[in-house]
Structure formats: C-alpha cells, structure tokens
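Visitor: Quick one: the structure is below, questions incoming.
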Amino acid sequence: GRAMADWLALVLGTGPVPLVDHSGLAGTSRMTPGEMVRALVMLGPKAGLRGLLKEIPMLDAKGRRITGSPVRVDAKTGTLNFVSTLAGYVSTPGGRELAFAIFTGDVARRDAVPDSEKEQPPGAAGWNRRSKRLQQQLIERWAAQYGA
C-alpha cells in the first residue's frame, strides 16, 4: 500500500495519498472520489488503463443485463461489508468518454459488526445490492446528461 501511495503521489503531483493496503479499501485508507477521477484522467490514456479494467454490464430495472447497451462501462469494483466502490470509464451513446468514481459506505454500520459476524453480517448483501443499483443509476444519468 505504501509503495502504491508514494507512486500515486509522485505521478499526480499531490501530497500523500494514504493507502494502507493494495486495495485501498482498508478502513484507514483515504482517497477522495475527485482524486480517483484525477488519477483516471491523468493516467488512463498514457498507461492503457481502460484495457485493464473489467466491463461492467448495464442492467435493466430487474437487474438483467441489457444486451447491446449504447453505454459501455469499464471499471474496477471494490466491495467490503457496507462499502462499495466503482471507478473507471464510461463511453456514452454520443461517443463521449467520461471518467468517474463512486464511493459508497456506511462506516458506522461496518464498524459495529461484531467479529463473529464479519464474514456475512446481517444486511450486508441487501446493502450491497442497493449500492450497486445507485451506481448504475448515476452512470445512466451521467451518460444521458453528458453524452453528447
């Protein structure tokens, strides 16, 4: 985590970006969505970053994959109990390329999970589904709003 944080600060020309582990999802890691978008914009084209990311399918209201969606999303996910992130790129129907970062979390709820329930805490699966739906809705809105 430390080596990645040092490299990121050097490349972006920022101060320290505290990343405690390689995923950046540890409870004490700190990076804002704005910092993540800046990294995606600055590093992506030069480093071929988009090609390393996973295609995230667009889903309909019932959670089914939309075949032939005019919106393409290539992103990296990050999921922990009561924490969900998605960051990457969107290609809009009009051909515009957008970078985005969505960080959602209920830190108080995460911190309240007893050690005995950390593997599958009650409510975590439903919380994660709602977070992923919110991510989808934000991407749909951005594609419509900024797609031309």
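Visitor: Arrange the residues Leu138, Leu12 by how much accessible surface each exposes, largest first, with a 1.4 angstrom probe.
Guide: Output order, biggest surface exposure first: Leu138, Leu12.
Visitor: Follow-up question, since we're still on this one. Could you work out the local net charge near Thr67, counting Lys and Arg as +1, Asp and Glu as -1, over the other residues with Cβ closer than 15 Å to its Cβ?
Guide: +2
Visitor: Now, a different point. If I build a Gaussian network model for the chain, linking alpha-carbon pairs within less than 10 angstrom, which residue out of Asp106, Asp60, Asp115 has the largest mean-square fluctuation?
Guide: The residue that fluctuates most here is Asp115.
Visitor: Same structure again: How long is the gain from Leu12 to Glu117 if the chain were fully straight, where each residue apart is worth 0.36 nm and the alpha carbon distance is subtracted?
Guide: Roughly 33.9 nm would be gained on extension.
Visitor: If you filter region 44-125 for chymotrypsin sites (Phe, Trp or Tyr not before Pro), then keep DSSP loop positions with at most 11 other Cβ within 10 Å, what is left?
Guide: For chymotrypsin sites (Phe, Trp or Tyr not before Pro) across region 44-125 that sit outside H, G, I, E and B with at most 11 neighbouring Cβ atoms in 10 Å, the list is empty.
Visitor: At a threshold of 8 angstrom on Cα-Cα distance, excluding pairs fewer than six apart, so keeping six or more, what relative contact order does region 68-148 reach in percent?
Guide: In percent, rounded to a whole number, it is 32.
Visitor: Give the lysines reachable from Lys118 as a straight Cα distance under 28 Å; neighbours fewer than 8 places away on the same chain don't count.
Guide: Within reach: Lys54, Lys76, Lys132.
Visitor: Where in the chain are the helices, taken as whole DSSP H runs, whose Cα atoms extend 18 angstrom or more along the long axis and whose Kyte-Doolittle mean reaches at least -1.0?
Guide: Length and hydropathy pass: 33-47.
Visitor: While we're on this one: 7 Å from Cα along Cα→Cβ at both Arg38 and Ala125: what's the point-to-point distance in nm?
Guide: 4.0 nm
Visitor: Still on this structure, please answer the following. Below 12 Å, Cα to Cα, which aspartates and glutamates can Lys46 reach? Residues fewer than 8 away in the same chain don't count.
Guide: Cross-link targets: none qualify.
Visitor: Once the convex hull of the C-alpha atoms of region 31-100 is built, how many Å³ does it hold per residue, rounded to a whole number?
Guide: Output value, Cα hull per residue: 114 Å³.
The values are calculated or read from the model by the stated rules, or taken from the named source; none is laboratory data. If you're wondering where the values come from, they're calculated on a predicted model, not measured in any experiment. We place every Cβ from the backbone using ideal geometry, glycine too, and count neighbours over all the protein chains shown. Heads up: the accessible areas ignore ligands, DNA and RNA and are worked out on the full protein's heavy atoms, side chains in. Shrake-Rupley method; radii C 1.70, N 1.55, O 1.52, S 1.80 Å.
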